[in-house]
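> My questions all concern the structure below.
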Amino acid sequence: MSKLRAAIKGVGAFVPEKVLTNADLEKMVDTSDEWITSRTGIKERHICPPDKPTSYMAAKAVEDLMQKSGLTPDDIDVLICATVTPDTVFPDTANTILHTINAKNGFGFDINAACSGFLYALTVGSKFIETGTYNNVVVVGADKMSSIIDYTDRATCIIFGDGAGAVLLGSTTSGNGVIDSILRGDGAGREFLHMKAGGSAKPANHETVDNKEHFVYQDGKPVFKAAVNGMISTVNEVLERNGLSTKDLDWLVPHQANMRIISSVGDTLDIPKEKIMINIHKYGNTTAGTLPLCLNDYEKQLKKGDKVVLTAFGGGFTWGSVYLIWDY
Ligand SMILES: CC(C)(COP(=O)(O)OP(=O)(O)OC[C@H]1O[C@@H](n2cnc3c(N)ncnc32)[C@H](O)[C@@H]1OP(=O)(O)O)[C@@H](O)C(=O)NCCC(=O)NCCS
């Protein structure tokens, strides 16, 4: 019997019905389907209704997860929600999700690590399981990026979309499950990707609204470079630490930020495209939602024993890689 580890026992997801295509964006800003497709690989993204918050999508994803896995709301011990678009500054979104699904026996909290949020939350959630004290930990990645995007800024509005995914972590002694995790952060990167106002450093006022400081600001080129380097280095590090090479991998699950970033990571690591989960064309960058949305889309192709590395990079900067062996 191997040591007690956390394993993913189920996956659920939700994306809102409304689709914003590249053709729609052509009517909103000076851009083209050709530019967006060739520079990012994105064809369309889903947009949440203005009156529905992040917790609405997250609760739908958790309901999907419960329906597929047989989990009931009262089985949930801990719910961790990774998001940069919480419903409110406080209380946290995880609490609202638990209330929405009528879960009464657990507690929850949010993690803000931008596009790496799901990796951070997956790692923290796994630790709860490894203590042996908690049986069912739900890890959600959800973002309503449309609530913080300036749809007159062509540099950012073409990239992001809304969506949510959730996984159930339970325990296993099979030797499978979450094996290792390497997470990194460097606040020096914050100047390249951030929201200028709305926090304690610059509370909201008329001026911040007039100056459009409540939207995502991004300097794309340095982010692109750091994302490629950060993902490659931590994938290599986590594989080496476990005596593996990229040839041993069955799946790479990369954050879906830009198809050119994904290709560059895959090519450098010499991982064939068939082993890389890709759905950026359908959803764009859903920030904390991308990794669980990938797992959900590829769930049927995953087999027990598959060696999987998830990797992400995001604002902060934050980045990292998690190595796990699929357990169902
Ligand atoms: C944002 C990103 C797609 C821009 O691609 P890029 O190749 O770096 O493009 P640039 O910013 O250099 O812009 C090139 C030109 O296209 C123009 N352009 C920018 N957005 C455009 C758009 N939507 N449509 C048409 N042209 C556009 C620029 O104005 C620029 O024109 P110029 O040469 O006349 O000045 C790319 O930098 C990127 O994906 N960065 C990482 C983003 C990311 O991963 N963010 C999430 C965090 S993980």
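> Mind listing whichever residues of region 238-262 are outside any loop (DSSP other than H, G, I, E, B) and crowded, with 16+ Cβ neighbours inside 10 Å?
Answer for region 238-262, where residues must be outside any loop (DSSP other than H, G, I, E, B) and crowded, with 16+ Cβ neighbours inside 10 Å: 238, 239, 246, 251, 252, 253, 254, 259, 261, 262.
> Residues 222, 292: which one is outside any strand (DSSP E or B), in contact with a Phe, Trp or Tyr (Cβ under 8 Å, 6 or more places away or on another chain) and surrounded by fewer than 17 Cβ atoms within 10 Å (Cβ to Cβ)? Lay out the reasoning, then the answer.
On the way: 292 fails: surrounded by fewer than 17 Cβ atoms within 10 Å (Cβ to Cβ).
Result: 222 is the single residue among 222, 292 that is outside any strand (DSSP E or B), in contact with a Phe, Trp or Tyr (Cβ under 8 Å, 6 or more places away or on another chain) and surrounded by fewer than 17 Cβ atoms within 10 Å (Cβ to Cβ).
> A further question on this structure: Give the residue, chosen from 51, 92, that is more than 16 Å from the ligand (Cβ to nearest atom) and under 30 Å from residue 179 (Cβ atoms).
Numbers: 51 fails: under 30 Å from residue 179 (Cβ atoms).
On inspection, the qualifying residue turns out to be 92.
> Can you pull out every residue in region 193-202 that is farther than 17 Å from residue 116 by Cβ and either of a type in the set (A, V, I, L, M) or open to solvent by 60 Å² or more (accessible area, probe 1.4 Å) (or both)?
196, 197, 200, 201, 202
> Starting from region 222-246, take each residue that is assigned by TED's automatic domain parsing to the domain that holds residue 316 and list its partners that are open to solvent by 60 Å² or more (accessible area, probe 1.4 Å) and of a type in the set (Val, Ile, Thr), counting only C-beta distances under 9 angstrom and pairs at least six apart or across chains.
228/268; 232/268
> Scan region 37-71 residue by residue and report those that are in contact with a Lys or Arg (Cβ under 8 Å, 6 or more places away or on another chain), part of a helix (DSSP H, G or I) and closer than 19 Å to residue 285 by Cβ.
37, 39, 40, 54, 57, listed by residue number.
> Next question, about the same structure. Taking residue 268 as the residue in question, decide whether it is assigned by TED's automatic domain parsing to the domain that holds residue 196, open to solvent by less than 40 Å² (accessible area, probe 1.4 Å) and either touching a residue at least 12 places away in the same chain (Cβ under 8 Å) or more than 22 Å from residue 165 (Cα to Cα) (or both).
No.
> Can you pull out every residue in region 48-104 that is open to solvent by less than 40 Å² (accessible area, probe 1.4 Å) and among the polar types (S, T, N, Q)?
Correct list: 54, 55, 83, 85, 93.
Table: residues versus (1) outside any loop (DSSP other than H, G, I, E, B); (2) surrounded by 15 or more Cβ atoms within 10 Å (Cβ to Cβ).
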| site | (1), (2) |
| --- | --- |
| 182 | yes, yes |
| 191 | yes, no |
| 204 | no, no |
| 208 | yes, yes |
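> Condition check: surrounded by fewer than 22 Cβ atoms within 10 Å (Cβ to Cβ), within 16 Å of the ligand (Cβ to nearest atom) and among the hydrophobic types (A, V, I, L, M, F, W, C). Does residue 231 satisfy that?
no
> So in region 295-328, with the set limited to residues that are β-branched (Val, Ile, Thr) and either open to solvent by less than 10 Å² (accessible area, probe 1.4 Å) or part of a helix (DSSP H, G or I) (or both), which one is nearest to residue 42 (Cα to Cα)?
The selected residue is 311.
> Could you list, in sequence order, all residues of region 264-275 that are over 18 Å from the mean Cα position of the chain (by Cα), part of a helix (DSSP H, G or I) and either over 15 Å from residue 229 (Cβ atoms) or within 12 Å of the ligand (Cβ to nearest atom) (or both)? Please lay out each step first, then the result.
Let us first name the residues in region 264-275 that are over 18 Å from the mean Cα position of the chain (by Cα), namely 264, 266-275.
Those still in the list that are part of a helix (DSSP H, G or I) too: 264, 266-269, 273-275.
Within region 264-275, 264, 273, 274, 275 qualify.
> Within region 104-132, how many residues are assigned to a helix (DSSP H, G or I), polar (S, T, N, Q) and within 18 Å of residue 7 (Cβ to Cβ)?
The qualifying residues number 2.
> Mind listing just one residue for me: the one in region 134-166 that is among the polar types (S, T, N, Q) and within 12 Å of the ligand (Cβ to nearest atom) and, of those, surrounded by the most Cβ atoms within 10 Å (Cβ to Cβ)?
Taking the candidates together, the pick is 156.
The values are calculated or read from the model by the stated rules, or taken from the named source; none is laboratory data. Because the structure is a prediction, the values reported are computed rather than measured. Here Cβ is always computed from backbone atoms with ideal geometry, including for glycine, and neighbour counts include all displayed protein chains. Please note that ligands, DNA and RNA were not included when accessible areas were found on the heavy atoms of the full protein model with its side chains. Shrake-Rupley method; radii C 1.70, N 1.55, O 1.52, S 1.80 Å.
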